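Data first, discussion second: the structure below is written as structure tokens.
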């Protein structure tokens, strides 16, 4: 299940306007051939491979190219679920009752649409290991309760997702940190990035962002040349060069150069790197408000549909439709022990209908209308696609079905606007639902996550 952060706080108008300029610069970068994140070469089982997800970067994949996931052992409000180390709790037995893991849900209630409900192992097919398979590097083999062998990574049992259709799809979960009080969601088996010590990478809606290992933003300047810093002593009081040790080695996208006698600085793709001493917190992007300064990304996320717009809002920069109405995503996971996602057209729609219209389909369509694709619109990438929906059921429409809507989707699930938003940048629908929209509800699609602490 995918969550978009519900951002709390108020951005300054200058900050928001400069963030829009930042996004325009990123869009210009995506016009050419997209750059992809480099990763560490690590031992893998025979046939396994690495795929580059459009949003999540390098991920481990099975021999068919399907992304690998695991289910973290999670302590919830009223119990524990997920997989313990070296074991799997995702079985072929269908759950039929609520587990009561998240208040205010009581245990023992019938789950909806039991006639169509799949088991955990049907939604998350285990990655089977051959009888003679041997552990490789961080990949090991566990024995399930039924005696079958299953691959694990870092002691976590591995699965694929039925939502992924092609190699490189990452629709079952995300590497993006969201915080909040949400379900026990699955996690992506991400490949270790090829970055020097002292750096980290966080997944944002804009792309895979470079940060320090303390999660402060890393920047580059338009004034610099290739492996040449034009940030003088006065400049460096605000823009602290990211220094490299004498033993640091250049490799791939990474290099070092001598900015002054005996002082070496890191460069990424030949751009000298800095932090901003005025950034107030980890996760802050305020340095990119300064003209000519930009956040560094190992790869940018695919561009949204060309008809979409970017709007200033009280919480940051949001994605919006052609009329400026904020775009929302819907999040959902049921309260079964399996914690199965219900935010996709193939999942039970009763949860969404309860939140968006009190169970009334027409009210739901009025209050949270789908973002209908303009005539002739085509999918430009796997992240943003046009899908056909039966508006009465919320499920995928059959080919040629009368009344079907061609709507925009993000990572395979429809996106929406909110009838209560009257002006561009309104956020009246953000957090609408349970637990700020993270459990069952709607959250705005933020392009600038200024107020989300990536270190949390």
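No value in this document is a laboratory result; all are computed from the given coordinates. Bear in mind that the values here come from a model prediction, so they are computed numbers and not experimental data. Counting neighbours? That spans all protein chains shown, and the Cβs are built from the backbone with ideal geometry, glycine included.
The table below lists the values:
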quantity: Footprinting exposure proxy for 130, 227, 434 (fewest neighbouring C-beta atoms within 10 Å first); calculated: 130, 227, 434
quantity: Ranked list, fewest to most other Cβ atoms within 10 Å of each Cβ, for 113, 54; calculated: 113, 54
quantity: Prolate/oblate/rounded label for the chain (Cα gyration tensor, a/c 1.5); calculated: oblate
quantity: Length-normalised contact order for the chain - Cα pairs under 8 Å, 6+ apart - percent; calculated: 19
quantity: Anisotropy class of region 270-357 from Cα gyration tensor, a/c 1.5 cut; calculated: prolate
quantity: Shape category assigned to region 136-287 from the gyration tensor of Cα positions, a/c cut at 1.5; calculated: prolate
quantity: Sorted by Cβ neighbour density within 10 Å, fewest at the top, the residues 237, 439; calculated: 237, 439
quantity: Ellipticity estimate at 222 nm from DSSP helix runs (n ≥ 4, -39,500 (n - 2.57)) divided over the chain, nearest 500; calculated: -2500 deg cm²/dmol
quantity: Mean separation of Cα contacts under 8 Å (6+ apart) over length of region 71-142, as relative contact order %; calculated: 23
quantity: Segments 262-270, 348-356 sorted - mean Cβ within 10 Å per residue, highest first; calculated: 348-356, 262-270
quantity: Peptides 88-98, 292-302 ordered by average Cβ neighbours within 10 Å, highest first; calculated: 292-302, 88-98
quantity: Degrees between helix 13-30 axis and first principal axis of the chain (Cα, 0 to 90, nearest 10); calculated: 90
